[in-house]
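S.K.: Starting off with a structure, shown below.
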Amino acid sequence: MATFSPTTFRREPSRAGGIREALTDASDMLLEQTIGRPVAKPVWSEMKENAEFSCFSGRAGDLLVTALQTLAATWGNALELHIIGHSAGSIILGHFVDLLSARGLGEQLKSVHPLCAGMYRCNSANRHYAPHASLMKRMYLHLLSDRNERDDNVAAIYRKSLLYFVSNALEGDQRTPLLGMGNIRDKNYKGWDGSSSTGEALRNWHRAVVEAGLERSGRTNVIEADKVPTSPKVMIDASHGSFDNNIEVLNLTLQRIVEKNSLNMPVDDLRGF
């Protein structure tokens, strides 16, 4: 399996800290309460419903799996499936994984990359990913460090990442743990909503991560640097939206799919995508 060593860049001091952080947190909380919950939350709920509906009978996910079954009947074990989801795409992939497994294509699914800054709750991951033990061993995660999450912004108005906004404003409980957040890996982090169900979901997910060897085998890539390359000479901020413009992340993903340490034709320019 391919190995990968992220390029290291010196990080400037984070804006998070002291009086400035307190003011930022206060203004973010105001946005969460005045725009997030009353205005954006219903839209977010509908988006999650649509992700689930996409795999219902006669919908796009169902039709795609039917087409893949036809390919499998011809290609047999030569058919390999690799699925990637960024941000809310991780929610669609959860339902898609269940559908593939139910329709006999679980073994053809050779890798899943659902958590490029994934907006997926622990309890949902425990339902849709964790039960597939063999697939969990073929899962790869990409996420920002919490420092990068807190240095990100949404439309230059909300002064944290989009994941923070979803966690704090759009889910049923404030401070809902999402699997794309850096703090999800810290078993001692106490900043979640505090409910017993959340605690249980976190424990179950951490157990699944250990059993699958996600951390031990290096299949979790945490972006610590404040800049990432979108071409060999151009750097962009390490933000929620940077994953599909990050040539290191895309090349690593392709290396894992082809199971090689290098690519004959690596991705070298993702500016503007």
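S.K.: Scanning the range 180-203 for residues that are within 13 Å of N126 (Cβ to Cβ) and in contact (Cβ under 8 Å) with a residue 60 or more places away in the chain, which turns out nearest to the chain's Cα centre (by Cα)? It would help to see each step written out before you state the result.
M.R.: To start, the set of residues in the range 180-203 that are within 13 Å of N126 (Cβ to Cβ) comprises 184, 197-203.
After this cut, where a residue has to be in contact (Cβ under 8 Å) with a residue 60 or more places away in the chain as well, the list is 184, 197-198, 201-202.
Details: I184: 11, S197: 22, T198: 19, A201: 17, L202: 16 Å.
Checked the range 180-203; the qualifying residue nearest to the chain's Cα centre (by Cα) is I184.
For (1) buried (at least 23 other Cβ atoms within 10 Å of the Cβ); (2) of a type in the set (A, V, I, L, M); (3) in contact with a Cys (Cβ under 6 Å, 6 or more places away or on another chain), each residue gets a yes or a no:
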position	(1), (2), (3)
S111	no, no, no
Y120	yes, no, no
L179	yes, yes, no
S196	no, no, no
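S.K.: Do you know which of the residues in the range 12-44 that are surrounded by 12 or more Cβ atoms within 10 Å (Cβ to Cβ) and among the β-branched types (V, I, T) is modelled with the highest pLDDT?
M.R.: So, considering only residues that are surrounded by 12 or more Cβ atoms within 10 Å (Cβ to Cβ) and among the β-branched types (V, I, T), the one modelled with the highest pLDDT is I35.
S.K.: If I filter the range 214-222 for residues that are free of Cβ contacts under 8 Å to residues at least 40 places away in the same chain and surrounded by 13 or more Cβ atoms within 10 Å (Cβ to Cβ), do I get at least one hit?
M.R.: Looking for residues that are free of Cβ contacts under 8 Å to residues at least 40 places away in the same chain and surrounded by 13 or more Cβ atoms within 10 Å (Cβ to Cβ), one finds at least one in the range 214-222, hence yes.
S.K.: Give me the residue from the range 125-175 that is surrounded by fewer than 20 Cβ atoms within 10 Å (Cβ to Cβ) and hydroxyl-bearing (S, T, Y) and, out of that set, nearest to A51 (Cα to Cα).
M.R.: S134
S.K.: A further question on this structure: If you check D244 against the conditions, is it under 13 Å from the mean Cα position of the chain (by Cα), surrounded by fewer than 19 Cβ atoms within 10 Å (Cβ to Cβ) and within 27 Å of E46 (Cα to Cα)? Break it down into steps so the answer makes sense when it comes.
M.R.: Working: under 13 Å from the mean Cα position of the chain (by Cα): yes; surrounded by fewer than 19 Cβ atoms within 10 Å (Cβ to Cβ): yes; within 27 Å of E46 (Cα to Cα): yes.
Answer is yes for this residue.
S.K.: Being at pLDDT below 95, within 30 Å of G218 (Cβ to Cβ) and of a type outside the set (F, W, Y) is the requirement here; does I91 meet it?
M.R.: Working: at pLDDT below 95: yes; within 30 Å of G218 (Cβ to Cβ): yes; of a type outside the set (F, W, Y): yes.
Taking the combined requirement at face value, the residue satisfies it.
S.K.: Continuing with the same structure: Output the residue which, of all residues in the range 51-98 that are among the aromatic types (F, W, Y) and surrounded by fewer than 18 Cβ atoms within 10 Å (Cβ to Cβ), is nearest to L144 (Cα to Cα).
M.R.: Once the filter is applied, the top-ranked residue is F53.
The values are calculated or read from the model by the stated rules, or taken from the named source; none is laboratory data. The model shown is predicted, which means the values in this text are computed figures rather than measured ones. Note that each Cβ is placed from the backbone with ideal geometry, even for glycine, and that neighbours are counted across all protein chains shown.
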